[in-house]
Amino acid sequence: MANVVGEAVHKGLCCSCGVCAGLCPTDALSMEIQENGDLAPCLDAERCSHKCHLCLDVCPFSEGVHNPRKRNLELYSDQPDAKGNEDIGWHTRSIVGFRRDEVLRKASASGGLATWCLETLLKKDIVTRVAVVRLAKNPDKGFFEFCSASSVDDLRQSSGSIYHPVEISGIIEEINSNREERWAIVGVPCLCAAIRNSRRLRKHVSFVFGMACGMYQNTFYTEMLLAKSGVDRENIVNIQYRRKSDGALPSDYRFRGTDNRGSGKEIQYHGLPYFLGKNAYFRLNACNFCMDVFAETADACFMDAWLPAYRQEPKGTSLVVIRNREVSELFQQGLDEGEIWIDEISPEEVIASQRGHVRRKRELIYMRRGMREPDDTGRTKPTVVEKVNWLLQRRAQKRSKTAWANYGRSKYGRFAFWAHMIDIMLTQSMLANMAKMISISKRFIRILIHSK
Ligand SMILES: Cc1cc2nc3c(=O)[nH]c(=O)nc-3n(C[C@H](O)[C@H](O)[C@H](O)COP(=O)(O)OP(=O)(O)OC[C@H]3O[C@@H](n4cnc5c(N)ncnc54)[C@H](O)[C@@H]3O)c2cc1C
């Protein structure tokens, strides 16, 4: 009988969410970090009943690609005022805003609306528990873990974005063991989809909130940044991926690791973190087969306001796509009570803020699936640069994981790591320069034509 390990993990399609492991009725699945740094379920074949499909039923990638649209339609198309959109899916409203408390806004990833929304649900007793992410007490499954927060203070300790896979099996066991609680869960789009795929969880999880997502890197990404930051990964007491600095642009955030001796060197996002992300180092393979930019199965999706009007605001600004009427009313009350500032924003602007991800995750999905022509899951053809980039990214993704596992962790391992990546790195940089030159030449030719 097929199971998630055969159909998703062995095919490189596990997104590390852990929902399958949490729901397995015989406890046959446990989440473990694999040799290549990916967090994935391992199967205890003797425990598996081999009769149920539960793990496959909830896995967002069980069909080889995560396309959230069917579930989005089922959950949200009949909400009052629901509007369909090719890229965002069914939703009722899109807003821009931030929480007015300056300290809490600064501590958050963007404008702090996610934490504000979760706090409000708890304060109003609409939910009794919220699943959020925190530094792991036991780092066996990576540096971060889900924990359940039942107070505003608890919640505030978890604000900020964690660029590290976090699995939720422990929380699912908690949900199943105490049916009295009403939960809100926050996560990346694939995790939201896995939660929504389970009928059992739908009863106890009153709200699911998503983060817009371009992709995820495995735990080696964080290990590498910690090494660069100069801290000891065995004794970590804090990791911040997005430290904001006063007066700087919101995109100019920094990574900082802290071990038991103190804080390490800050790393600017535009340096190593951006390089690793852009070139697909340590990326989860599943992310190549995900079409879900805007967490379409979530009641609301939070993201950065990467738009010209908000790019200059150092404290950060959020965009939110709302799909649930109750959540929409909550935001309206927050505005009336002066806790937050929000304004309406068009879906086109929301899409513009995530243009690169929409292109890669939605429009070019068929190229990554190895299909010759677009079907209903893709619309436009890739350029030559996009095709070559995809081939290079696949190589970088695989080789970076092997090179880090084999060399990166040792004392002088970072040099050996880069030595193993050098040919891909040079080709990627040549391609990027070529793409830049093509775009400048095209602009120049356009100007010439217009001036004639
Ligand atoms: C992996 C990842 C990729 C992202 N990619 C993009 C992107 O490409 N474009 C974009 O605009 N925005 C992206 N975001 C969302 C963005 O970084 C902010 O999280 C979002 O704008 C919310 O900001 P906020 O200030 O409202 O949230 P905050 O008030 O800071 O609250 C954030 C909440 O999210 C929870 N959280 C953080 N990380 C995780 C995680 N890994 N899994 C589950 N829960 C988590 C925290 O526990 C906290 O409750 C991404 C987020 C993540 C985690």
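The values are calculated or read from the model by the stated rules, or taken from the named source; none is laboratory data. Just so we're clear, the structure is a prediction, and the values are computed from it rather than from any experiment. Note that we place each Cβ from the backbone using ideal geometry, even for glycine, and neighbour counts take in every protein chain shown. SASA here: full protein model, heavy atoms, side chains in, ligands and nucleic acids out. Shrake-Rupley method; radii C 1.70, N 1.55, O 1.52, S 1.80 Å.
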State yes or no: is K387 farther than 27 Å from L225 by Cα, open to solvent by 70 Å² or more (accessible area, probe 1.4 Å) and at pLDDT 90 or above? yes
What are the residues in segment 285-311 that are within 15 Å of G210 (Cβ to Cβ) and aromatic (F, W, Y), if any? F294, F302
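Name the residue, out of V103, V132, that is over 29 Å from I175 (Cα atoms) and within 13 Å of the ligand (Cβ to nearest atom).
V103
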When the residues of segment 71-103 are filtered to those that are among the aliphatic types (A, V, I, L, M) and open to solvent by 40 Å² or more (accessible area, probe 1.4 Å), which remaining residue is modelled with the lowest pLDDT? V103
Pick from segment 184-218 the residues that are within 15 Å of the ligand (Cβ to nearest atom) and open to solvent by 40 Å² or more (accessible area, probe 1.4 Å): which of them is farthest from L39 (Cα to Cα)? M211
Could you tell me whether segment 21-31 includes any residue that is within 24 Å of W404 (Cβ to Cβ) and either crowded, with 23+ Cβ neighbours inside 10 Å or over 26 Å from the mean Cα position of the chain (by Cα) (or both)? yes
So which of N36, N72, N85 ends up being of a type outside the set (S, T, Y) and in a helix (DSSP H, G or I)? N72
Determine whether segment 253-273 contains at least one residue that is on the phi > 0 side of the Ramachandran plot, open to solvent by less than 20 Å² (accessible area, probe 1.4 Å) and within 16 Å of the ligand (Cβ to nearest atom). no
E234: crowded, with 16+ Cβ neighbours inside 10 Å and either out of contact with any Gly (no Cβ under 7 Å at 6 or more places or on another chain) or among the β-branched types (V, I, T) (or both), yes or no? no
If a residue has to be over 18 Å from S318 (Cα atoms), touching a residue at least 12 places away in the same chain (Cβ under 8 Å), outside any strand (DSSP E or B) and open to solvent by less than 30 Å² (accessible area, probe 1.4 Å) to count, how many in segment 104-154 make the cut? 5
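On the basis of being among the acidic types (D, E), free of Cβ contacts under 8 Å to residues at least 60 places away in the same chain, assigned by TED's automatic domain parsing to the domain that holds D292 and farther than 21 Å from R99 by Cβ, does E180 make the cut?
Judged against the criteria, E180 is a match.
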Considering only segment 185-284, give the helices (runs of 4 or more DSSP H) lying wholly within it that have at least 2 residues that are at pLDDT 95 or above and within 20 Å of the chain's Cα centre (by Cα). 189-196, 219-229, 272-278
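Hey, among the residues in segment 89-100 that are assigned to a loop (DSSP other than H, G, I, E, B) and not aromatic (F, W, Y), which one's nearest to the ligand (Cβ to nearest atom)? Steps first, please.
Here is the first cut: in segment 89-100, the ones assigned to a loop (DSSP other than H, G, I, E, B) are 89-90, 92, 100.
Checking which are not aromatic (F, W, Y) leaves us with 89, 92, 100.
Values: G89: 16, T92: 19, R100: 13 Å.
This residue is R100.
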Applying the selection to segment 368-384, what residues are at pLDDT 80 or above and farther than 20 Å from S439 by Cβ? R368, R369
Take segment 298-321 and flag every residue that is more than 13 Å from the ligand (Cβ to nearest atom) and in contact with a helix residue (DSSP H, G or I) (Cβ under 6 Å, 6 or more places away or on another chain). D299
State all residues of segment 163-183 that are over 17 Å from T128 (Cβ atoms) and either in a loop (DSSP other than H, G, I, E, B) or within 13 Å of the ligand (Cβ to nearest atom) (or both); if no residue qualifies, say none. Y163, H164, P165, V166, E167, I168
